[in-house]
Amino acid sequence: MEIPDNKSMGSDEGFNPRKPGDFVADIEALERSARGLAHGVAQAHPGRSLLAHQADWHIRGILYHLRRLVDHYSSFVGEVSSRAEMGTRIIIMYAPCYQRALFEFYALVNLCRISLDNLRNYLRPLFTRRSDQLPNSVRDVLKGDTNCPVYSALVGQQAVDYLLDVRNCLVHYRSFGTSDNALVLKEGVDVPQDLGEDAESFVTSMAKAYFRRVGDNAFSVNVYMPDRIFEDGGTGKLATFTYNQKWGLVPNARTFASVAICSLVRALECLKEIDGPVFEFSAKKQMHK
C-alpha cells in the first residue's frame, strides 16, 4: 500500500461527497496491509520479535482511533443533516459526538507522530550506526541523508509536513477543543456578528463545521482544517488560518493514519527480509525541535 499523495488531503471529493461509512473500506485495507507481518518478523528473526509487536501495537492503536473517529463523525453528520432539512442557515446544537470525534482526532494525530518518531527504534537492527545517533524526531531524520526506503518514502510528502505541523500546533500553540455544543454554518454563510462571545467561541478553534445540500434530500457535512498551520519561511509563527482548500477532518485523519501505518508496514517488511545492518544516516543540517 502506497502513502496517499497530496490530493488525498481534500475534503469531500468535490460534488461527489463520500459518506463517513465509505472510509470503513479504507480502514479495512490498512488493516489488511499489516496483517501477519509482526508474526512473520518473529518467525524470520526471533530477536526482533519485540520490536515487531511494538510496531504492530501502534498500527492497531491508530486503526482503533480512526474507527472511533469515523463512528462519532457519522453520528454528527446525521444530527446536522436532520436539522439542515428545516432550511436553516445556522445550526447551534448539542453535539457531544462532535466533541468525541475531536478527542479521537487528538489521539490519532499524537499516535501517528509517535509512531513516525519510533521508526528509529524499530529499524535499529538495520542501521550501521547505533540508533541513539539517529535524531529522536522524524522531522530531523528527514532533514538528513539516508538510504533507508522507509524514510525516503516520507521525504517531500505534503501530508507528512502537515501532520507534523498539526501535532506541533496542538501541543504547543492552539487547540481543536470545543464544548459539547457545535455551531455549523451553511457553506457560504459567515459567522453572524450578533451571536455573542459564547457562540463565537464554538468556531474559533482550528476546525470549522459546515453543511451544504447535495441533491434533493441529502446534505454534505464537513469539518474543515486550516490550509496551513505555520507561516512560510520557518518563522515558527502561526499562519492566519484560512479554509480555501477545504481539507476535511476525516480525510486528513485517514491520510495521517495511512502515512504512519504504511511507514510501519514498510519497517516490518524490512525487519523480516533484511538480515543485517545496511542502512546509513548522516545529518545534513543542524537539528532543532
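For residues in region 204-257 being touching a residue at least 24 places away in the same chain (Cβ under 8 Å) and of a type in the set (Gly, Ala, Ser), which is surrounded by the fewest Cβ atoms within 10 Å (Cβ to Cβ)? This residue is Ala218.
Among the residues of region 246-259, is there at least one that is among the aliphatic types (A, V, I, L, M) and more than 30 Å from Val189 (Cα to Cα)? Yes, there is a match, as at least one residue in region 246-259 is among the aliphatic types (A, V, I, L, M) and more than 30 Å from Val189 (Cα to Cα). When Cys148 is tested against (1) free of Cβ contacts under 8 Å to residues at least 24 places away in the same chain; (2) crowded, with 20+ Cβ neighbours inside 10 Å, just one condition goes unmet, and that condition is (1). Annotation note: of Ala153, Ala159, the sole residue that is more than 14 Å from the chain's Cα centre (by Cα), closer than 30 Å to Phe281 by Cα, of a type in the set (A, V, I, L, M) and modelled with pLDDT of 90 or more is Ala153. For residues in region 26-46 being assigned to a helix (DSSP H, G or I) and charged (D, E, K, R), which is surrounded by the most Cβ atoms within 10 Å (Cβ to Cβ)? That would be Asp26. Of the residues making up region 53-76, just one is surrounded by fewer than 24 Cβ atoms within 10 Å (Cβ to Cβ), at pLDDT 95 or above and either small (Gly, Ala, Ser) or not in a helix (DSSP H, G or I) (or both), namely Gly61.
Collect the residues in region 151-174 that are among the hydroxyl-bearing types (Ser, Thr, Tyr) and in contact (Cβ under 8 Å) with a residue 24 or more places away in the chain, keeping them in residue-number order.
Tyr151, Tyr162, Tyr173
For region 45-72, filtering for residues that are under 20 Å from Ser263 (Cα atoms) and touching a residue at least 40 places away in the same chain (Cβ under 8 Å) leaves 15.
Considering only region 148-174, state which residues are under 20 Å from Tyr122 (Cβ atoms) and in contact with a strand residue (DSSP E or B) (Cβ under 6 Å, 6 or more places away or on another chain). Within region 148-174, just Cys148 meets the criteria. Is it the case that region 186-201 has a residue that's at pLDDT 85 or above and closer than 21 Å to Tyr73 by Cβ? Yes, some residue in region 186-201 is at pLDDT 85 or above and closer than 21 Å to Tyr73 by Cβ. Only residues that are farther than 19 Å from Gly177 by Cβ, among the basic types (Lys, Arg) and surrounded by 17 or more Cβ atoms within 10 Å (Cβ to Cβ) were counted in region 84-121, giving 1. Looking across region 74-88, the residues that are of a type outside the set (A, V, I, L, M, F, W, C) and closer than 18 Å to Val214 by Cα come down to Ser74, Gly78, Glu79, Ser81, Ser82, Arg83, Glu85, Gly87, Thr88.
Checking each residue in region 95-139 for being in contact (Cβ under 8 Å) with a residue 40 or more places away in the chain and among the basic types (Lys, Arg) picks out Arg113, Arg124, Arg129.
The values are calculated or read from the model by the stated rules, or taken from the named source; none is laboratory data. The structure displayed is predicted, hence computed values, not measured ones. Note: ideal-geometry Cβ built from the backbone for every residue, glycine included; neighbour counts use all protein chains shown.
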